[in-house]
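The structure under discussion appears below in the form of C-alpha cells.
The values are calculated or read from the model by the stated rules, or taken from the named source; none is laboratory data. Note that this is a predicted model, so its numbers are computed, not measured. In this analysis, Cβ positions are derived from the backbone assuming ideal geometry, glycine residues included, and neighbour counts consider all displayed protein chains. For accessibility, only protein heavy atoms count, side chains too; no ligands or nucleic acids. Shrake-Rupley method; radii C 1.70, N 1.55, O 1.52, S 1.80 Å.
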Amino acid sequence: MKLQLKTPQLYIETYGCQMNIADSEIVAGILLTQGYTLSSDVEHADLILINTCSVRDNAEQRVWNRLDFFKGLKRRHRGIMVGVIGCMAERIGDDLAKHEAVDIVAGPDSYRDIPMLLDKAKTEGKGINIELSEVETYSGITPERIQHDQISGFVNIMRGCNNFCTYCIVPYTRGRERSCDPKEVISEVKSFIALNYREITLLGQNVNSYKWIDGDTQTTFPQLVEMVAQVDPTVRIRFTTSHPKDISDALIEVIAKYPNVCKHIHLPVQSGSNSVLERMNRKYTREYYLERVNKIRELIPNCGLSTDIFCGFPGETEADFQDSLRLMEEVGYDLAFMFKYSERPGTYAAKHLSDDIDEKTKTERLMKIINLQNGISKKRNQTDIGKTYEVLVEGFSKKSENDLVGRTQQNKVVVFPNKGFAVGELVNVKIISSSSATLLGEAINDKN
Ligand code: SAH
Ligand code: SF4
Ligand code: F3S
C-alpha cells in the first residue's frame, strides 16, 4: 500500500460583501501553491481563516463570537492555526491579535504575505500585516474557486474606494481605489467559463468608476463590460456596485445593447433626502438620482432595480425619513437591502456628527422601510405574472427536488417544475404566480 501524506487542510469562512468572497478565493489560490487543500470541515482543519467585514457593528460582533468558538476548537485539537483577514483585520488588527485564538492577522492588501505570517506565528509569535497598498490588485494570482459546483462566479475588477461617504468604513479598510488590467479581467472570465460557470459578476465598491490607463489608451467601465460581454454571448454578465454619480448614458447603452448583460442595476440610494445625502457626501441629489432612474427605464424598459438604503443617519428628521419612503415608492425597487445607521469609529460622521437618532426611532423607521419595500416588491412581482423570462437554473428548490430554482436577468428568484433541465441551463419560464420574494412559473422551452 502506498503511504498517503495528508496535505494541510484549509478552511475559510467569509463574511461581508461579495468582494470578500472573491478575496477568499485569492487567498485560497495563494495557499494552494503552498501545499494546502481546501476543506469545508472546520473541525478537522489545520488552518482556519475568517474573512471579516466592518461595515456595521453587528458584522463585527459575529466575528468575535466565532473567535471564541475557534478558541474552544484549538483547545480540543492542538496545532490548529487561526487567521483573521479582511476589513476587520484592517480596522482593529491589534485588538484581534490579542485574542487567544488568533495566530495571524492580515489586512485586505497583505494576502501575499499570509504564508510568511504563518511561518512567523509558528516560530516567533503572532504574525500581523495590515499595511494598505496603493497598487496591490493581486495580479498574477490564480484564484481557487471555493465552490466548484456553482455556476455563478465573482471577478474583482477594482479594489478600494475613494468616495469617503461620511458614514462608511470601507475607504479606511480597503484603501485607495485601483483598477485591474482588463487583460487579466478577461483571462479570469475565460477561466471561469472553462470551469463551466454560466454567469460572471464583475465586482468593486464603485465599479462604474473603473478606469485602466495604458499609455495613450484608456479603458472605461462601459468598455470593459462590452469586452467581457463579447467573450461568450451565452454567459451572463452582471456587475455590482454602481455608484449613482457614475451611472453614465454610455453604461446604460451597453447594458441595453448586449443580450447577455443582465438587465439589472443595483443602485444604492442610501437616503431620499437632499440634506441627508449632502451630509453623507454622496455627491448627488434626489432629483439627479430620479433622472438617472428615468433614463434607465427609458433605455432598458425591463430593467430590474435594487438599492441599499438606511435610516437613522445623524440629524435625519421625520421629514427626511418621509423623503426616503417617497423615493422608494417613486422608484419602485424590485429589491432593497435595508439597514439602520451604525456609527463606525474613525469615519467623518463619527468624528463630526452626533449619532443622535435613538435606537428605538431607528428600529421603528427600519420596520417602516421594510414593510413598505415588502409591499412594493409584492406589487412589482405581480406585474410579472403572465410574462416570460429567461431563467438561469441554479439547482433544486429548497422545498422539493420536483422543482428547480433560478434567477431572471432582473435578478428575481423563480421556482418552476423540473422537467429535466440541467443546472446552468437557460430556460424560458412563464410566470404564473408570485409573492414578495419569489416568482412561480412554468417552463415553456421544448425539452427534447
Ligand atoms: N459601495 C457601495 C456599498 C458598500 S457597503 C455603495 O457605495 O453603495 C454596503 C451598504 O452598507 C451601503 O450601501 C450602505 O447602505 C450600508 N452601510 C455602509 N455603512 C453603513 C453604516 N455605517 N451604517 C449602516 N449602513 C451602512
Ligand atoms: Fe462606502 Fe461610499 Fe465607498 Fe460605497 S462608495 S464603499 S458607501 S465610501
Ligand atoms: Fe464589509 Fe469590507 Fe465588504 S467592510 S462590505 S467586507 S469591503
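Tell me which residues, restricted to region 164-176, are within 18 Å of M19 (Cβ to Cβ), in contact with a helix residue (DSSP H, G or I) (Cβ under 7 Å, 6 or more places away or on another chain) and more than 12 Å from ligand 3 (Cβ to nearest atom).
Once the filter is applied, which keeps residues that are within 18 Å of M19 (Cβ to Cβ), in contact with a helix residue (DSSP H, G or I) (Cβ under 7 Å, 6 or more places away or on another chain) and more than 12 Å from ligand 3 (Cβ to nearest atom), region 164-176 yields only F164.
Out of (1) touching a Leu at 6+ places or on another chain (Cβ under 8 Å); (2) over 30 Å from I309 (Cα atoms); (3) open to solvent by 30 Å² or more (accessible area, probe 1.4 Å), what's the single condition that is false for G140?
All conditions pass for G140, except number (1).
I need the full set of residues from region 154-210 which are more than 15 Å from ligand 1 (Cβ to nearest atom) and free of Cβ contacts under 8 Å to residues at least 12 places away in the same chain, in order please.
K183, S187, A194
For region 70-92, how many residues meet the condition of being out of contact with any helix residue (DSSP H, G or I) (no Cβ under 6 Å at 6 or more places or on another chain) and farther than 21 Å from I21 by Cβ?
Looking only at that region, the number is 11.
Would you pick out the residues in region 216-256 that are of a type in the set (D, E) and closer than 21 Å to F154 by Cβ?
E226, D232, D246
Return the only residue of S306, S271, S324 being open to solvent by less than 10 Å² (accessible area, probe 1.4 Å), in contact with a strand residue (DSSP E or B) (Cβ under 8 Å, 6 or more places away or on another chain) and closer than 24 Å to Y210 by Cβ.
Step by step, each of S306, S271, S324 is checked, and only S306 is open to solvent by less than 10 Å² (accessible area, probe 1.4 Å), in contact with a strand residue (DSSP E or B) (Cβ under 8 Å, 6 or more places away or on another chain) and closer than 24 Å to Y210 by Cβ.
How many residues, within region 48-86, are away from ligand 1 (no atom under 16 Å from the Cβ), in contact with a strand residue (DSSP E or B) (Cβ under 9 Å, 6 or more places away or on another chain) and in a helix (DSSP H, G or I)?
Counting residues in region 48-86 that are away from ligand 1 (no atom under 16 Å from the Cβ), in contact with a strand residue (DSSP E or B) (Cβ under 9 Å, 6 or more places away or on another chain) and in a helix (DSSP H, G or I) gives 7.
Counting just the residues of region 206-260 that are among the aromatic types (F, W, Y) and crowded, with 19+ Cβ neighbours inside 10 Å, which one comes out farthest from G406 (Cα to Cα)?
By that ranking, first place goes to W212.
Could you list, in sequence order, all residues of region 221-253 that are in a loop (DSSP other than H, G, I, E, B), away from ligand 3 (no atom under 16 Å from the Cβ) and not aliphatic (A, V, I, L, M)?
Residues satisfying the conditions are Q230, D232, P233, T234, S248.
May I ask you to say which residue of I141, I186, I200 is more than 16 Å from ligand 3 (Cβ to nearest atom), part of a loop (DSSP other than H, G, I, E, B) and among the hydrophobic types (A, V, I, L, M, F, W, C)?
I141 is the lone residue from the list that is more than 16 Å from ligand 3 (Cβ to nearest atom), part of a loop (DSSP other than H, G, I, E, B) and among the hydrophobic types (A, V, I, L, M, F, W, C).
Here is a check on your reading of the model: is D57 open to solvent by 50 Å² or more (accessible area, probe 1.4 Å), in the same structural domain as D103 (by TED's automatic domain parsing) and within 16 Å of ligand 2 (Cβ to nearest atom)?
In short, yes.
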